[in-house]
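A.B. asks: Input: one structure, supplied below.
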Amino acid sequence: MAQKRKSCSENENHYDLVYNFDQSAPPTSSINVAVNHLRPVDAGEILSRYEIVEKLGEGGFSAVFEGIRLKDGLKVALKFALKTDAMEYISIPGHPAPLPLEVALMMLANKGPSVPQIVQLLEWQDQDGYYIMVLERPSPCEDLFEFLEHQGGVLSEDLARLIMWQVAQAAHMCCRRGVLHRDIKLENLLFNKETLEVKLIDFGCGDLLKTSAYETFWGTEMYCPPEFKKSGKYHGKPATVWSLGVLLFELVCGDPPKNKDLNKIEAGIWSKPGLSKDCCHLIQSCLQRKPKHRIGLGKIILHDWFKAQNCIALLSGKYRATVCGDPPNTNDLDMIDPSLWSKPSLSKVNE
């Protein structure tokens, strides 16, 4: 079984994270043990409102647990993040005190009308040595890395299209709200098999979007844009487009692109049997080695490949109701051709 790819910000040694949960608890590599040593909480503390169920995952400086909100039984994810000496704080409008960068980025990404493709931060609390975030936890769900493995490593083009439309929406809206995620990958996308909804998670490698170049890469090496490897610099939006191209390539080809694939793409001769011409064109448009030759981030969701089916009409009732006001009916699901299905109040970008 393939191993999940770690982000460059992750460190294998997480003893400090465990120890800071409770100074009386001995250092250990098991974060489950650390949670068992959590100090009793006061009524005003965030943990008094949730039951911790089981560990969902861990990195070098954080651990995520499944939780249940006591007042209504809502399933959530609780992320414990260690405060390190290098951790950055920033100030954002509406918050007088500086916030941990990850918390601030999630607030900015969720500011304004809800974006279904971006996981919501429900609440957070600062603690001594670490902070806790309570996050939306779709149920049932699994990350796209696991889902792809269960599907034999490759998805049908139709399902890949539906997933990529949502991921592109999430990436585009993050940038519109001034947030650069920097670690869009299979492992950071939750997928609900029942509703077909996708949600972007984990802003721990993110930063504020800027027009100037970045000189430090945070993310996963496999998705690193070639311009950074060549010059040590990259710009946010073109780098995001590159990562989306790698993601799409993985979904429909089963593996990340190799140098021979990128050489063919650069020469304009890449294709794959069984894939539509439009799908191959979008892959080539994203995976251009020169950033200026890549498709614009905002233009991805307008690409002809997405016109082959109406993504909103194919998504389930809960998601579609957020943009259309009502669940889909049989006629909606039959009319997946964009020329047949439309809603007057929705823009072409949303449709």
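The values are calculated or read from the model by the stated rules, or taken from the named source; none is laboratory data. It should be emphasised that the depicted structure is a prediction, and the values quoted were computed from it without experimental measurement. Here Cβ is always computed from backbone atoms with ideal geometry, including for glycine, and neighbour counts include all displayed protein chains.
A.B. asks: May I ask you to list the residues in segment 142-171 that are assigned to a helix (DSSP H, G or I), touching a residue at least 40 places away in the same chain (Cβ under 8 Å) and of a type in the set (Asp, Glu)?
C.D. replies: Correct list: 149, 157, 158.
A.B. asks: Take the residues in segment 214-258 that are among the aromatic types (Phe, Trp, Tyr) and within 16 Å of residue 6 (Cβ to Cβ); name whichever of them is surrounded by the fewest Cβ atoms within 10 Å (Cβ to Cβ).
C.D. replies: Taking the candidates together, the pick is 218.
A.B. asks: Suppose we filter 215, 227 for residues that are over 24 Å from residue 137 (Cβ atoms), touching a residue at least 40 places away in the same chain (Cβ under 8 Å) and among the charged types (D, E, K, R); which single one remains?
C.D. replies: From the options 215, 227, the qualifying one is 227.
A.B. asks: With the requirement that a residue be closer than 23 Å to residue 220 by Cβ and of a type in the set (Ser, Thr, Tyr), what does segment 253-286 give you?
C.D. replies: Residue satisfying the conditions is 285 alone.
A.B. asks: Starting from segment 187-206, take each residue that is under 18 Å from residue 58 (Cβ atoms) and list its partners that are of a type in the set (S, T, N, Q) and in a helix (DSSP H, G or I), counting only C-beta distances under 8 angstrom and pairs at least six apart or across chains.
C.D. replies: From segment 187-206, the pairs are 201/188; 202/188.
A.B. asks: While we're on this one: Please verify whether residue 19 is over 17 Å from residue 132 (Cα atoms), at pLDDT below 60 and touching a Pro at 6+ places or on another chain (Cβ under 9 Å), treating the condition exactly as stated.
C.D. replies: no
A.B. asks: So which residues in segment 92-121 are closer than 15 Å to residue 179 by Cβ and touching a helix residue (DSSP H, G or I) at 6+ places or on another chain (Cβ under 6 Å), if there are any at all?
C.D. replies: 92, 109, 115, 117, 118, 121, listed by residue number.
A.B. asks: Going through 275, 244, 248 one at a time, which residue ends up being in contact (Cβ under 8 Å) with a residue 60 or more places away in the chain and outside any helix (DSSP H, G or I)?
C.D. replies: None of the others qualify; the one that does is 275.
A.B. asks: Moving on to the next point. Just give me the residues in segment 116-175 being aliphatic (A, V, I, L, M) and within 15 Å of residue 251 (Cα to Cα), in sequence order.
C.D. replies: 144, 148, 154, 155, 159, 160, 162, 163, 164, 167, 168
A.B. asks: Might you let me know whether segment 209-219 holds any residue that is at pLDDT below 95 and either in contact with a Lys or Arg (Cβ under 7 Å, 6 or more places away or on another chain) or farther than 28 Å from residue 61 by Cα (or both)?
C.D. replies: Yes.
A.B. asks: Would segment 194-214 turn up any residue that is polar (S, T, N, Q) and under 13 Å from the mean Cα position of the chain (by Cα)?
C.D. replies: For segment 194-214, residues polar (S, T, N, Q) and under 13 Å from the mean Cα position of the chain (by Cα): absent.
A.B. asks: Right, residue 271: closer than 26 Å to residue 173 by Cα and small (Gly, Ala, Ser) or not?
C.D. replies: Against the criterion (closer than 26 Å to residue 173 by Cα and small (Gly, Ala, Ser)), residue 271 does not qualify.
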